[in-house]
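No lab work stands behind these numbers, since they all come straight from the coordinates. What you are looking at is a predicted structure, and each value in this text was computed from that prediction instead of being measured. Glycine also receives a Cβ, built like all others from the backbone with ideal geometry; neighbour counts cover every protein chain displayed.
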């Protein structure tokens, strides 16, 4: 069974009629779709503290306000997307909503934004998860890229197995993370209430170059901190995309799951930020600027510092780190659900290669999963597994798609209002439109802030990648349109060729050649030529002698080839036959011997392969491979020696 | 013209009948075949000084004696190989001589030794050449790997252009090097004679850890220094291999060229060593152990130090460095002549893949040239472009092949003595045999010394690589033997198939499908089936409707595929047809559409490719590609609608 390694990795093939069985109950949908927004609380606070820290202590005191802004935004976005779940039960991703309401260009912009961001989600989440591990086990710091890549590959294999099994695997780390953060916040609050406030190890560090920042620069830093904190919102749209994967009633279950996710995310993010403020966590963009950090040590994540401060180096500390790493790695799974699904829709619409629309034998979009994994690994390697570097590229795409999606919803309600006359219905629609409009404005403002504050730090890469992807998708669609036009047959069909000229290519007189001759004669062509190309005079003479000795009933035609190239003389010969009779067809028979193992192929001349590829470009030709399987004993017979093909 | 980039790089194709034109006169043969032994004087002295330096000043005084040993060995080896040139005018490489006189196993051992060493020649020479450049321009030190790889690629392209043109390109650096070394030695001698002795910049350095070494360790170090100095001998066998490339009288011209080369190499090596002793050059294996070397500076090559001491930083210094770099890079060219030629002989004998025996359109063994370049670049990258690291792997192969070649020659004269009766002839043969026997003993002793002193420093890698290569060559030969046996046709030929069953694969009803149907009908098969695999129910129903609407004169057979795989149902169907009538043949027609550009291919499902590959493994099948070139307007016609194929 040649497929054995594949089967062990991804399991047995799944029949098409089991597509319905992969639907998710709410308790499994939460880990599958929400690990991304839930997990981002693990680094969102840290990014706010890090950026505000650049502006000195005075700015650091604004942490609570910046966090409050992020919370408000999250409430708005979750409320907006709950409407989308109800309005688009067949899946209301930004692409679908934009396409339905804003037209093709807006939809493609949203799609390219989402595709770029899915790749970044995998990269950022996995790298952040590995940072949680290296914070607990600093000896692993130099291997961050290798560990991150290994996690991406594990996710890839899990997703190739199929969505339902993934849901089970992913439930434990997600619920474990929520519970361990709850424990961290509870114990931290209890210790503060009982007069033993927690202090982070970095509370005593100070940051080089930090001074009192005022005026425009301070405003800029606050906005940049807010932009960084908005990473907490990524992945919210995953549920609206995934409505069809929910058990019925699909829309209601999806909206409920989204609400639960929103409440959990807000509570955890607010709690962690409050604890970080009390514990006075300091972070530096460049750890070498951190005075007080023991020499040669890497900076710990904010969450690791809080866990150390609350639990000490107890098993609970390691549990927090393990669950954080777990959920962050799994957050990447949100993208592994989103990317292949979106890519398959785009492929079905002709904007991406058709292969991405095909379900593999486990009923998942295997090609999309593998493509995402490859892109993410490349990105992780290119940015040296640094969260701070990758996060600069992040969330631009998210907010582009948020904004377009909400704008699309505003338009959606507007169109509905034109046809609905029922008063209660109209009132609820007006309310819904207001919520989506608020969402659109808020996310558009954030998008501008993100672009302004992150552009020079790396966001420019995304602002180049997105338009390129947009153009690529347009040109792929143009290609498919052109091909479809050419493939449409004329109403009166295709001309039947007048005559068939068989040409059998001969290099040596061995079994495959004789088989090709026999097969060619069995098709009873109008003319039959045995053709050899003379690249070496001795070999050709030898061939002629054997040909004569064996009394082959077809005469041998020789072509000169002064440059020892086999392809061109054959092509010229075929073209000359067709020039004389353009309504005929030339059937080129190529004897091939087939060896059992791929590496044995390396030992045989690849000229047949090249010749076949070139012949396909010649109109009026069919290329016939006559394989001789070298491990088979063919029956021999005198029929081959007969002068004329015999009909039984 | 799709080949344009290739043509610009390697030139226009060369006709086979111009093979004679590429013969070399002596003045061009010297640079082509001798750049390796001539250039190795650039690093041989340095390696002796470096190893002796490990043992302290007392050992360093033995430099002259060690160098004298190397010179003596070189005289013996050159004399031995001049005999080979005369005895084997068709090319007397170690492989040919061993095969003729010592049998297959010895020949393959010699061949694997030579192949390994050719790769090492390229790596060591190019890296040493780049060291000459970085000694003159230290800012380039960090880019040594990239520069070395670039040089290998340049050599590769030059050799793809053909041997004669290469000879011209290579003459200038070789003769330039010889002249510039002559100038260096003359000016150095004149300054010493006139009482202004030259002093190397490292004369005042001392080496950490150096102390007076006595006893066995001293003997070992002297032997290791001798082994390192023997690098000067590499490449001597290239001329005996290349006798057929000389203009007639081939053997005499080759022997003369070898003599000229030997005299030049001995003079330069002895001169440089004498100058290095006078100038008191110090070298350290690890430059960090060199006290006196300015901080942050790389160690300069010994030759660069001598050139600085003699010429100062004048243009002459840069000329010496440039010519040294030039000839060292071209020394690699010796291997670019030797490796492809040897590989082609081995391939013709069935020990290496047949592709290596085929001359490209410029009449050179293109595949061998490219393979050598790839292996050398890999080696340079793996060893970080370090001469001192690579040189440890070097010359084991050389001395294995030297020894076997000389042993073969001893045997050769022995066999000749059995048949020759003429007294003068016998005397000269006795003398020749004595020379070769001396050569065999000397090189065998050196081989043992090299193995003992270099084994732990990296030579063990070669002692593993050579047997692996030997086993690989044996198993390739076994494969070819097995294939040849199976390819030999039975005396009464091949059975003509009874009937032809045509199967046309249908996915959609478009022009390529209609063309495939028309072509299949034109071949007048005994049965004709249009076959489709149902991977999606809606698509299949759509196909059925179109099929009926168009009144296609062949009925459509559908195959179920619950796992959405196209390959297996088709294979099973074909196998079932053949099970019923094993003497028949199934002709599988596959409609393909051909797009003009390779990247357009990426946009179409590759399932046809996979299916074709699998079908080739099924006995009794021929696979027929019916290409539809999408840029062509095919004539339409009503013939396709007719119920029965019509014969004109």
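Shortest first, residue B:553 label-point distances to identical copies amount to 2.9 nm, with the label point at 7 Å from Cα along Cα→Cβ.
Shape analysis of chain A yields a ratio of the Cα radius of gyration to the Kirkwood radius, Rg/Rh, of 1.14. Equivalent ellipsoid of segment B:369-431: semi-axes from √(5λ) of the C-alpha gyration tensor, largest first, are 43, 13, 8 Å. For chain B, the longest principal axis of the Cα atoms and the long axis of helix B:163-193 meet at an angle of about 20 degrees. With viscosity set to 1.567 mPa s and temperature to 4 °C, compute the Stokes-Einstein D of segment A:514-588, Rh being the Kirkwood radius across alpha carbon pairs; µm²/s, no decimals. Once the numbers are plugged in, D ends up at 94 µm²/s.
Between residue B:64 and residue B:153, what's the calculated FRET efficiency when r is the beta-carbon distance and R0 is 45 Å? Round to 0.05. Approximately 0.65, to the nearest 0.05. The helix-only estimate of mean residue ellipticity at 222 nm for chain B, built from DSSP H runs of length n ≥ 4 each weighted as -39500 (n - 2.57), is -21000 deg cm²/dmol after division by the residue total. Using R₀ = 30 Å, calculate the FRET efficiency as 1/(1 + (r/R₀)^6) where r is the Cβ-Cβ separation of residue B:445 and residue B:105; round to 0.05. Here the calculated transfer efficiency is 0.85. Working from label points 7 Å from Cα in the Cα-to-Cβ sense, the residue B:610 to residue A:524 distance is 3.8 nm.
A point 7 Å from Cα along Cα→Cβ stands in for residue B:146, and the other copies hold the same point at 2.6 nm, listed in rising order.
Run the Debye formula on the Cα coordinates of the protein assembly as shown, all scatterers equal and no solvent, and tell me log10 I(q)/I(0) at q = 0.05, 0.08 1/Å. Calculated log10 I(q)/I(0) at the listed q: -0.54, -1.14.
Using only atoms on other chains, find how many Cβ atoms lie within 10 Å of each Cβ of peptide B:517-523 and report the average.
Across the residues of B:517-523, the mean count of other-chain Cβ atoms within 10 Å is 6.
The order of A:415, B:354, B:250, going from fewest to most other C-beta atoms within 10 Å of their C-beta, is A:415, B:354, B:250.
Using only Cα atoms, what is the ratio of the radius of gyration of segment A:107-150 to 2.2 N^0.38 Å? All intermediate terms of the calculation are to be shown ahead of the outcome.
Values: Rg = 14.0 Å, N = 44, 2.2 N^0.38 = 9.3 Å.
Dividing the Cα radius of gyration by 2.2 N^0.38 Å gives 1.51.
To the nearest ten degrees, helix A:63-87 and the longest principal axis of the Cα atoms of chain A are 50 degrees apart.
Counting beta carbons within 10 Å around each of A:413, B:547, A:65 and listing the fewest first gives the order A:65, B:547, A:413.
Nearest 10 degrees, 0 to 90: what angle lies between the long axis of helix A:250-279 and the longest principal axis of chain A (Cα atoms)? The angle comes out at about 50 degrees. Each label point was placed 7 Å from the Cα along the Cα-to-Cβ direction; for residue A:434 and residue B:460 their separation is 8.1 nm.
Contact order normalised by length for chain A, with contacts defined as Cα pairs under 8 Å and 6 or more residues apart; what percent is it?
21
As a proxy for reagent exposure, ranking B:105, B:39, A:625 by other Cβ atoms within 10 Å from fewest up yields B:105, A:625, B:39.
Based on the Cβ-Cβ distance of residue A:490 and residue A:175, what FRET efficiency does E = 1/(1 + (r/R0)^6) give at R0 = 51 Å, to the nearest 0.05? E between residue A:490 and residue A:175, to the nearest 0.05, is 0.25. Remark: mean inter-chain Cβ contacts per residue of B:493-505 equal 6, using a 10 Å Cβ-Cβ cutoff to other protein chain atoms.
Work the Kirkwood hydrodynamic radius out for segment B:310-457: mean of 1/r over every pair of different alpha-carbon atoms, inverted, in Å. Don't jump to the answer; show the numbers that get you there.
Numbers: mean 1/r = 0.0521 Å⁻¹.
Its Kirkwood hydrodynamic radius stands at 19.2 Å.
Taking the inverse of the mean 1/r over every pair of distinct Cα atoms in segment B:305-391 gives a Kirkwood hydrodynamic radius of 15.4 Å.
In nm, what is the difference between 0.36 nm times the number of residues separating residue B:259 and residue B:141 and their Cα-Cα distance?
That pair, residue B:259 and residue B:141, stretches by 38.8 nm at full extension.
Computed log10 I(q)/I(0) for segment A:400-498 at 0.19, 0.20, 0.23, 0.25 Å⁻¹: -0.96, -0.99, -1.10, -1.18, from the Debye equation with unit scatterers placed on every C-alpha and solvent omitted.
With label points defined 7 Å past Cα in the direction of Cβ, position residue B:64 shows copy-to-copy spacings of 8.9 nm, given to one decimal and shortest first.
Within 10 Å of each Cβ in A:432-443, how many Cβ atoms from other chains are there, averaged over the peptide? The partial results should precede the final answer.
Details: counts 0, 0, 0, 0, 0, 0, 0, 0, 0, 0, 0, 0.
Whole-number average of other-chain Cβ neighbours for A:432-443 is 0.
With semi-axes defined as the square roots of five times the eigenvalues of the C-alpha gyration tensor, the equivalent ellipsoid of segment A:78-195 measures 34, 23, 16 Å, largest first. Considering only beta bridges that DSSP places wholly inside the protein assembly as shown, some 10 percent are antiparallel. Each peptide in B:132-145, A:219-232 receives the mean, over its residues, of other Cβ atoms within 10 Å, and ordering these scores from highest gives A:219-232, B:132-145.
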